[in-house]
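Novice: Have a look at the structure that comes next, please.
The values are calculated or read from the model by the stated rules, or taken from the named source; none is laboratory data. As the structure is a computational prediction, the values presented were derived from the model and not from experiment. Please note: Cβ atoms are built from the backbone with ideal geometry, for glycine as well, and neighbour counts cover all protein chains shown.
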Amino acid sequence: MLISKELTNDFSHVRNDATKLESSYLWDISQHLETNMNWKSLGRTLWLEENVLINIEVSHRLSGMRELFYQVLINWREKQPKRCTFGNLYTALRKEGMNAAAKAMMTIRRNN
């Protein structure tokens with residue numbers, strides 16, 4: 001994954017955080033991914049294959065944006081368990097311009 005110089009310089013301590021993410025945390029962060037964000041783009045950045053994204057869309061398209069994002073995160077954890085870390089999710093959110101959600105990750109983490 002290519003990481004911009006800004007991300008490398010400003011957030012290297014977060015980017016390198018290897019803390020594994022639990023389902024409850026993924027559900028909590030999904031509430032910050034609901035509006036005007038591209039869940040498929042995030043899924044691709046998280047190394048999910050296109051057929052997985054299609055299956056998520058077919059199975060959950062009527063469930064709302066939060067559920068679509070949550071399913072992306074859950075599938076990522078199932079299919080890429082070694083990559084499902086705080087740092088990788090934070091970096092992916094920043095890469096996709098989902099900066100408010102990345103910032104929310106820090107708040108949710110402090111409250112857990």
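Novice: Could you tell me which numbered condition ILE29 fails, if it satisfies all but one of (1) on the phi > 0 side of the Ramachandran plot; (2) part of a helix (DSSP H, G or I)?
Specialist: (1) is the only condition that ILE29 fails.
Table: residues versus (1) over 19 Å from LYS103 (Cα atoms); (2) at pLDDT below 95; (3) touching a Gly at 6+ places or on another chain (Cβ under 9 Å).
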{"site": "THR19", "(1), (2), (3)": "no, yes, yes"}
{"site": "ASP28", "(1), (2), (3)": "no, yes, no"}
{"site": "LEU33", "(1), (2), (3)": "no, yes, no"}
{"site": "ASN51", "(1), (2), (3)": "yes, no, no"}
{"site": "ILE54", "(1), (2), (3)": "yes, no, no"}
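Novice: Please go through region 69-103 and pick out each residue that is of a type in the set (Lys, Arg) and farther than 13 Å from TYR25 by Cβ.
Specialist: So in region 69-103, the residues of a type in the set (Lys, Arg) come out as 77, 79, 82-83, 94-95, 103.
Hits for region 69-103 are LYS79, LYS82, ARG83, ARG94, LYS95, LYS103.
Novice: Say whether the condition of being of a type in the set (Gly, Ala, Ser) and either assigned to a helix (DSSP H, G or I) or surrounded by 16 or more Cβ atoms within 10 Å (Cβ to Cβ) (or both) is met by at least one residue in region 61-79.
Specialist: The answer is no, given that none of the residues of region 61-79 is of a type in the set (Gly, Ala, Ser) and either assigned to a helix (DSSP H, G or I) or surrounded by 16 or more Cβ atoms within 10 Å (Cβ to Cβ) (or both).
Novice: Continuing with this model, one more query. How many of the residues making up region 82-107 are surrounded by 15 or more Cβ atoms within 10 Å (Cβ to Cβ) and assigned to a loop (DSSP other than H, G, I, E, B)? Before you say what the answer is, go through the steps one by one.
Specialist: Taking region 82-107 and keeping what is surrounded by 15 or more Cβ atoms within 10 Å (Cβ to Cβ), we get 83-96, 98, 101-102, 104-105.
Filter once more, keeping what is assigned to a loop (DSSP other than H, G, I, E, B): 83-84, 96, 98.
Number satisfying all stated conditions: 4.
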